[in-house]
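Take a look at the structure set out below.
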Amino acid sequence: MIKTTAQKIYVGLIFLFLYAPILTLMMLSFNASRTRAKWGGFSLKWYSALFRNREIMQALWNTLLIAFVASLVAVVIGTIACIAINRMGRRARAVMMGITNIPMLDAEIVTGISLMLLFISFGLKFGLGTILLSHITFCIPYVVLSVMPRIKQVDASVYEAALDLGASPVKAFFKVVFPDILPGVLSGYLMAFTISLDDFIITHFTKGAGVDTLSTKIYTEVKKGIKPEMYALSTIIFVTVLLLLFLVNKTPQEKSKLQN
Amino acid sequence: MKKELINLIDISKSFDGELVLDELNLSIHENEFLTLLGPSGCGKTTTLRIIGGFVSPDKGQVVFDGQDITSLPPNKRQLNTVFQKYALFTHMDIAENIAFGLKIKNKSKNYIDDKIKYALKLVNLEGYEKRMPDSLSGGQQQRIAIARAIVNEPKVLLLDEPLGALDLKLRQDMQYELIRLKNELGITFIYVTHDQEEALTMSDTIVVMNQGYIQQIGSPETIYNEPENAFVADFIGDSNIIDAIMLEDKLVSILGARFACVDTGFGTNRPVDVVIRPEDVELVKPEEGVIQGTVTHLIFKGVHYEMEVMANGFEWLVHSTEMFSVGTDVGIRVNPFNIQIMNKPESEDEEAAAIET
Amino acid sequence: MKPNKLTDRLLSAPYLLWEAIFIIVPLGMVFYYGLTDRFGAFTMENVVAIMGAEHAKALWLSIALSLASTVVCFLLAYPLAMILAHMNVSQHSFIVLIFILPMWMNFLLRTLAWQTLLEKNGVINNILEFLHMPPLAIINTPAAIILGMVYNFLPFMVLPIYNSLVKVDPNVVNAARDLGANEIQTFFKIIFPLTIPGVISGITMVFVPALTTFVISKLLGGSKILLIGNVIEEEFTQAGNWHLGSGLSIVLMVFILFNMVISAIFDKNGEGNML
């Protein structure tokens, strides 16, 4: 009894540690005072100010657009890559997985500056395009990492059976293999989207002047002081995601209950 | 009778509100090869884990050599387990695996080395000291799991479906191996399996379990030839289980025909179940049989033919070296000694236990 | 699936091309810039620059702080992972989710929130005052940077350890107990050795970003504390000396490479993956 109570307290403390800053930011979004240091009473004014702040709305739009497109492209390239890697010999597979892991294991700052150097020498104009290319690059490994185990589990004979029954390879793939790996593809997409959304370092090195995502906008605001509208925005995003996850987690459980 | 080594007294256990064992009582003797046999979910593995100390019973006592060990942790018990799927330590080589228990007990290096050699020799894997578990075949890993357990000189070896992951041929070889080991070591084996053939081959005593209850305890011969209820009869080998009426001592009416039998003491005109093994059904010319029927199925099984005979509304399963082709009219005869009479299940629990297979 | 050379090549082509252009070539460019001077001539100057007093100090501080935060992460994460693995939360994805969820609130904002919490008149000190305990004055010190690193990278330690713990066959643990090992012996001889791939993977996942960060030090360390990440970042964004910045990055990559090799040795089967 004592043991489990101690365990619960420990887990509770760690989660307090992880979520305390989030609670703090949520509080700040309702703070009437402009400074972080003082509590000036409850207010919703930053929420209404937020929607009038064109810079922040533009940065939000950029962030979402990049996250959406980058993770989508990453999912397509990554999933096809998984199929290809899975069919390779052992050594080729090891090399491919090694390369795939580089952006994950390498320091973000190195990835950032290396891409920056690449774009400079190719004479690319820094802007949304360069950010997008960089994000796709570091999103692919997350897709591969979550799709690969699924692909390995797919029973090759199922695919062969589909061919045997007259399906073309493409049709066989989409009819029998794809449904099996779909959960992996979806979680890879979600993971890539989240990582892209939260990225600062690589965006910092590959963005052009005048183009901002939420992260880089916040970074430039650090010295002047963060606009409280930012707190309001991140509270909205966080709560939205929380609600979405709650809904998503709710529905499949009921379905499986019905099946049982 | 040999000395009782382990006594399970009124053991009950439930998981998530589901009763797995209900007031189970069992005595295990010294130097006995005892098999807990039953379908999955019958409570056999839970019973073994309670003896091993990995599960503590909700109620009841585990007595080992006269001492109550119910609350003793597994590391303090004088018995060792061979786990399903072996549970070898994959980060240690074979020698380290075998030495594990001895090192914990701080035995000398010489003693440990001797024991490793001895154990590897015993399981026919000499020279495997430096190999890693992953590089061994299933059968070899199984032997190492046994070696790792027996070097600790337990009084009892618990084996949890140890042959389940092996293929048929290897399984048969290992059965002989286990019997040899048990005889060489002279200790008690408690063996869990759902494979009736394994149980019949190796055991001194078989405990047939179903739904948390012991259905029958006995020698392989008794269990096979004199099943006490329909569940045991059905679970052990193929059999014809037929509703019947005991007319008087040594006379039973099966499907309306009168058969002589040897059982007495069931009273008169009482509903009973009879069990007749398929190899005990004799097919003869129609006029020579007690009842008459027609062969409906025929399969060649190598050692014998398997046939189904429709007679008086019952499909009789018959094993015979003589072939009767489909459509042949035959007579059925049974030697009185081969008719096993059983009481109908009395309680609802027993009924449920009998139906659920 | 029957191997078919042509389709295989077609399938892997987009990926290979992408990896080559956006991973291999850029890394090559870092080496090119790092090993040349302004005029394109080969030089080791930019790499050797790490020995300069300022740079060496930044590197040592980075190593010290990232090692410290890795150790703290490990000490916090292992018990946590064990508790989580024992809880009957059958939903593995749920555990991952709890740790990924904070990422939906911007990483810079979350780290900045610690300023608010740690400030002289911040939330934590108010609580400490209420409890009649001495105030905490760690903002703008290396301790605050360590805290920021632990806060940001703890999930990367917990998840791989958790994953390797749930993979340990309960019967292997039972077998150790059966052979006479008590709980402590079982932990040190069986459970811990079996989870080393996860631990190594966790160490890699925490050590590299901690070693190379420039954001956490900037947000929580005030402007005085310079880590090697800050030095490199400034060379690129302010000083504009890409050659020096690349040279210093090469030094960093040596550490990272060392880390990758170690994790590859201990984690051959990819057991310690985060997901």
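The values are calculated or read from the model by the stated rules, or taken from the named source; none is laboratory data. All values reported here derive from a predicted model rather than from experimental measurement. Backbone-built Cβ (ideal geometry, glycine too); neighbour counts: all protein chains shown. Note: accessible area is taken over every heavy atom of the protein model, side chains too, but ligands, DNA and RNA are not part of it. Shrake-Rupley method; radii C 1.70, N 1.55, O 1.52, S 1.80 Å.
Annotations for the structure displayed:
- Residue-wise HN-Hα coupling along segment C:77-86, computed from phi with Karplus coefficients 6.51, -1.76, 1.60 (Hz; x: Gly, Pro): 6, 4, x, 4, 4, 5, 4, 4, 5, 7
- Efficiency of FRET between B:ASN335 and A:GLN153 - r from beta-carbon atoms, R0 41 angstrom, step 0.05: 0.15
- Kyte-Doolittle mean at least -1.0 and Cα axial length at least 24 Å: DSSP H helices in chain A: A:2-29, A:54-86, A:128-153, A:178-198, A:228-259
- Surface composition of the protein assembly as shown: carbon plus sulfur atoms contribute 60% of the solvent-accessible area (1.4 Å probe, protein chains only, all chains present).
- The gain in end-to-end length when the B:GLU126 to B:ARG180 segment is fully stretched comes to 17.7 nm, 0.36 nm per residue minus the alpha carbon separation.
- Pairs beyond 27 Å (Cα-Cα), from A:LYS3/C:LYS189; A:LYS217/C:LYS218; A:LYS224/C:LYS57; A:LYS227/C:LYS57: A:LYS224/C:LYS57; A:LYS227/C:LYS57
- Chain-alone versus full-assembly comparison, segment B:86-119, residues with accessible loss of at least 20 Å² (1.4 Å probe): B:ALA87, B:PHE89, B:HIS91, B:PHE100, B:ILE104
- Note on A:ILE2 and A:ILE236: with the Förster distance fixed at 45 Å, the Cβ-Cβ geometry gives a FRET efficiency of about 0.60.
- Dipole axis of chain B (+1 Lys, Arg; -1 Asp, Glu on Cβ), positive-most option in B:PHE54, B:CYS42, B:PHE314: B:PHE54
- Put simply, the amide H of B:LEU159, placed in the peptide plane, has neighbours under 5 Å in B:VAL82, B:ILE190, B:TYR191, B:VAL192, leaving out anything fewer than 5 places away on its chain.
- A/C buried area, accessible surface, summed, 1.4 Å probe, Å²: 7700
- The 3J(HN,Hα) values that the Karplus relation (6.51, -1.76, 1.60; θ = phi - 60°) gives for segment C:34-42 are, in residue order, x, 9, 10, 9, 3, 9, x, 8, 5 Hz. Gly and Pro appear as x.
- Where labels lie 7 Å past Cα in the beta-carbon direction, separation of B:ASN7 and B:GLU153 in nm: 2.7
- For A:LYS171, the lysines whose Cα falls under 19 Å of its own Cα, not counting residues fewer than eight places away in the same chain, are C:LYS2.
- Gyration tensor verdict on chain A (Cα atoms; rounded if a/c is under 1.5, prolate if a/b is larger than b/c, oblate otherwise): oblate
- Proximal charge balance of B:ILE9 [Cβ under 12 Å; K/R count +1, D/E count -1]: -3
- Solvent exposure of segment A:44-150, expressed per residue, is 41 Å² of accessible area, with all protein chains present and a 1.4 angstrom probe.
- Distance from segment C:99-113 to segment B:92-110 (C-alpha centre basis), Å: 49
- Under the simplified labelling scheme, the A:PHE17-B:GLN61 pair shows an inter-label distance of 4.8 nm, with each label point 7 Å from Cα along Cα→Cβ.
- Interface size, chains C and B: roughly 1700 Å² of accessible area buried, both sides included, 1.4 Å probe, rounded to the nearest 100.
- Simple spin-label estimate for B:TYR111 and B:GLU306 in nanometres, 7 Å along Cα-Cβ: 5.4
- Relative packing of A:7-19, A:61-73, which averages over residues the other C-beta atoms within 10 Å, highest first: A:61-73, A:7-19
- Overall form of chain B per C-alpha gyration tensor (a/c, 1.5; a/b vs b/c): prolate
- Tensor-based shape of the protein assembly as shown (alpha-carbon gyration tensor, a/c under 1.5 rounded, otherwise prolate or oblate): prolate
- Over 22 Å (Cα to Cα) - which of B:LYS44/B:LYS85; A:LYS152/A:LYS175; B:LYS107/C:LYS167; B:LYS250/B:LYS344; B:LYS59/B:LYS182 fall in this group: B:LYS107/C:LYS167; B:LYS59/B:LYS182
- Solvent-accessible area lost in complex, 30 Å² minimum, residues of segment A:126-146 relative to chain alone, 1.4 Å: A:LEU133, A:THR137, A:ILE140, A:LEU145
- Per residue accessible area in Å² of segment C:1-109, where ligands, DNA and RNA are left out and the probe is 1.4 Å: 54
- Charge dipole magnitude, Cβ of K and R +1, D and E -1 - the protein assembly as shown, Cα centre, debye nearest 20: 5420
- A 1.4 Å probe run over segment B:183-244, with the rest of the protein chains in place, finds 35 Å² accessible per residue.
- Förster radius 30 Å - calculated FRET efficiency between A:MET88 and A:LEU245 (Cβ-Cβ, nearest 0.05): 0.25
- At least 30 Å² accessible surface lost relative to isolated chain, residues of segment A:96-113 (1.4 Å probe): A:MET96, A:ILE99, A:ILE102, A:LEU105, A:ASP106, A:ALA107, A:ILE109, A:VAL110, A:ILE113
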